[in-house]
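Trainee: This is the structure, below, for whatever I ask next.
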């Protein structure tokens, strides 16, 4: 899937939100500035969040109470050791009710559950974004496939 603007990335986030069940884990991968937080902003807007949405790079997690239930925006960019997931209490969010949107999951692969959805974002030379969206579990596979069809 090719995304041409920040507005289109937010739109994708809204579509992902519409198909995401409580307790889902979504991995967001891509280099700095790829659009991960922009996608999360669209997701949260679809859930009724009107406050500012920024990457929780320094706080690691920003929890939101939303119309569809609790959502945790987690950013692991600053982790130096996978054990920090345990020390920071992030495992408490993997409770079957909270939707977890995780940026930089590769920083702690052993400390995270299997994602229901993986979104890889690659910046292109012309400022567009190439996205590869993969349903990793069977619970979301059928509905998530609809995201990639426009």
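Trainee: Please work out if residue 127 is more than 16 Å from the chain's Cα centre (by Cα), surrounded by 11 or more Cβ atoms within 10 Å (Cβ to Cβ) and in a loop (DSSP other than H, G, I, E, B).
Mentor: Details: more than 16 Å from the chain's Cα centre (by Cα): yes; surrounded by 11 or more Cβ atoms within 10 Å (Cβ to Cβ): no; in a loop (DSSP other than H, G, I, E, B): yes.
Against the criterion (more than 16 Å from the chain's Cα centre (by Cα), surrounded by 11 or more Cβ atoms within 10 Å (Cβ to Cβ) and in a loop (DSSP other than H, G, I, E, B)), residue 127 does not qualify.
Trainee: A further question follows. For the subset of region 1-14 comprising residues that are touching a residue at least 24 places away in the same chain (Cβ under 8 Å) and surrounded by fewer than 18 Cβ atoms within 10 Å (Cβ to Cβ), which member is nearest to the chain's Cα centre (by Cα)? Walk me through it before giving the result.
Mentor: To start, the set of residues in region 1-14 that are touching a residue at least 24 places away in the same chain (Cβ under 8 Å) comprises 1-4, 6, 9-14.
Right, trim to surrounded by fewer than 18 Cβ atoms within 10 Å (Cβ to Cβ) and you get 1-2, 4, 6, 11, 14.
Working: 1: 17, 2: 18, 4: 19, 6: 15, 11: 14, 14: 12 Å.
The residue in question is 14.
Trainee: Report yes if residue 62 is over 11 Å from the mean Cα position of the chain (by Cα), at negative phi and part of a strand (DSSP E or B), otherwise no. Even if it seems obvious, please write down each step before you answer.
Mentor: Working: over 11 Å from the mean Cα position of the chain (by Cα): yes; at negative phi: yes; part of a strand (DSSP E or B): yes.
Spelling it out, residue 62 is indeed over 11 Å from the mean Cα position of the chain (by Cα), at negative phi and part of a strand (DSSP E or B).
Trainee: Residue by residue through region 39-59, note down the ones that are in a helix (DSSP H, G or I) and surrounded by 18 or more Cβ atoms within 10 Å (Cβ to Cβ). Reasoning before the result, please.
Mentor: Step one: list which residues in region 39-59 are in a helix (DSSP H, G or I), which gives 39-46.
Selection gives 39, 40, 41, 42, 43, 44, 46.
Trainee: Are any residues in region 69-109 in contact (Cβ under 8 Å) with a residue 24 or more places away in the chain, part of a helix (DSSP H, G or I), out of contact with any strand residue (DSSP E or B) (no Cβ under 8 Å at 6 or more places or on another chain) and farther than 15 Å from residue 57 by Cα, and if so, which ones?
Mentor: Residues satisfying the conditions are 86, 109.
Trainee: Considering only residues of region 22-38 that are touching a residue at least 60 places away in the same chain (Cβ under 8 Å), under 13 Å from the mean Cα position of the chain (by Cα) and outside any strand (DSSP E or B), which is farthest from residue 48 (Cα to Cα)? Can you show your working first?
Mentor: Start the filter on region 22-38 by keeping residues that are touching a residue at least 60 places away in the same chain (Cβ under 8 Å), which leaves 22-31, 33-37.
So of that shortlist, the ones also under 13 Å from the mean Cα position of the chain (by Cα) come out as 23-30, 34-37.
Narrowing further to those that are outside any strand (DSSP E or B): 23-24, 30, 34-37.
Working: 23: 18, 24: 18, 30: 26, 34: 24, 35: 20, 36: 19, 37: 16 Å.
Here the residue is 30.
Trainee: Same structure again: Is region 23-36 home to any residue that is surrounded by fewer than 21 Cβ atoms within 10 Å (Cβ to Cβ), at pLDDT 90 or above and more than 24 Å from residue 128 (Cβ to Cβ)?
Mentor: Scanning region 23-36 turns up at least one residue that is surrounded by fewer than 21 Cβ atoms within 10 Å (Cβ to Cβ), at pLDDT 90 or above and more than 24 Å from residue 128 (Cβ to Cβ).
The values are calculated or read from the model by the stated rules, or taken from the named source; none is laboratory data. Remember, predicted model here, so these are calculated numbers, not experimental data. As a convention, Cβ positions derive from the backbone with ideal geometry for all residues, glycine included, and neighbour counts pool all protein chains shown.
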